[in-house]
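Quick notes on the structure that follows.
The values are calculated or read from the model by the stated rules, or taken from the named source; none is laboratory data. Source: prediction; values computed, not measured. In this analysis, Cβ positions are derived from the backbone assuming ideal geometry, glycine residues included, and neighbour counts consider all displayed protein chains. Please note that ligands, DNA and RNA were not included when accessible areas were found on the heavy atoms of the full protein model with its side chains. Shrake-Rupley method; radii C 1.70, N 1.55, O 1.52, S 1.80 Å.
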Amino acid sequence: MIGPVIELVVRIGVGGLLILAGSAKAATSVSWRVEWLDSYQLLPHQVLRATAWLLPATEVVVGAMLALGAFDRGGALAAAAVLAMMTLAVTIALLRGQQVSCGCLGKLGTLISWPVVARNLVLIAAVVWTAARGMTGPAITEFAPAVQITIIGALAAALSLLAYRHRTPEPVQDPSAHPHAHAPTEPADLPFPQLNSTRQAHR
């Protein structure tokens, strides 16, 4: 009996965190997300804007899949993959000595640190455990795949619309044209700073 309860706590807890993280990012301006992603110095400039759009939606969808137990182990494996990808990016940045925002909750995120990596590893382990045992707690796996997709899509659309209504307005200047050209009127939209040496090296 305790197994399904722990599973449900993990699904709702981690899934809810992913939904919250995605919604918080969606509420920021695209230019802030582009600058935040670029501060990690991992992606080519050509894909920054597309990633800035896709990442929040991915977090919301995957979080909803995990929380609702969609596609049995599929939702848990997808959540573990997203968390692992983010943890890898943070680990690389830490090894480089960079000081950047984790972006966990958009602009409310803290600077990356090894405790952030440790926390993510615990979350990944919990989600992998859930995937390994399968969905035994309350879940929508009993519905047909088309119904599950509809439920996840409707929930993700509603959350995205809510975040969109509270989004940060875009600056007049588009930083995607030159990732290091900031709009002087939007200091609050800048991510946490990284070391000057690493920024100069990236240029």
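What the range 6-99 shows is 38 Å² of accessible area per residue, with the surface traced by a 1.4 Å probe over protein heavy atoms.
When you restrict to C-alpha pairs under 8 Å that are six or more residues apart and normalise by the size of the range 57-146, the relative contact order lands at 39 percent.
Please give the net charge around P4, taking every other residue with its beta carbon less than 11 angstrom from that of P4, where Lys and Arg add +1 and Asp and Glu add -1. Result for the local shell: +1. Computed from label points 7 Å out along Cα-Cβ, the spacing between L111 and T150 is 5.0 nm. The portion of the accessible surface of the range 52-141 made up by carbon and sulfur, rounded to a whole percent, is 76 (1.4 Å probe; DNA, RNA and ligands excluded).
If eta is 1.306 mPa s and T is 10 °C, what Stokes-Einstein diffusion coefficient results for the range 20-63, Kirkwood Rh from Cα pairs, in µm²/s? Result for D is 153 µm²/s. For L54, the solvent-accessible surface computed with a 1.4 Å probe is close to 110 Å², ligands and nucleic acids excluded. All alpha carbon pair distances within the range 15-125 were sorted into 5 Å bins beginning at 0; the resulting P(r) in whole percents reads 2, 13, 22, 25, 21, 12, 4, 1. Given R0 = 35 Å, the distance between the Cβ atoms of E142 and Q99 translates into a calculated FRET efficiency of 0.15.
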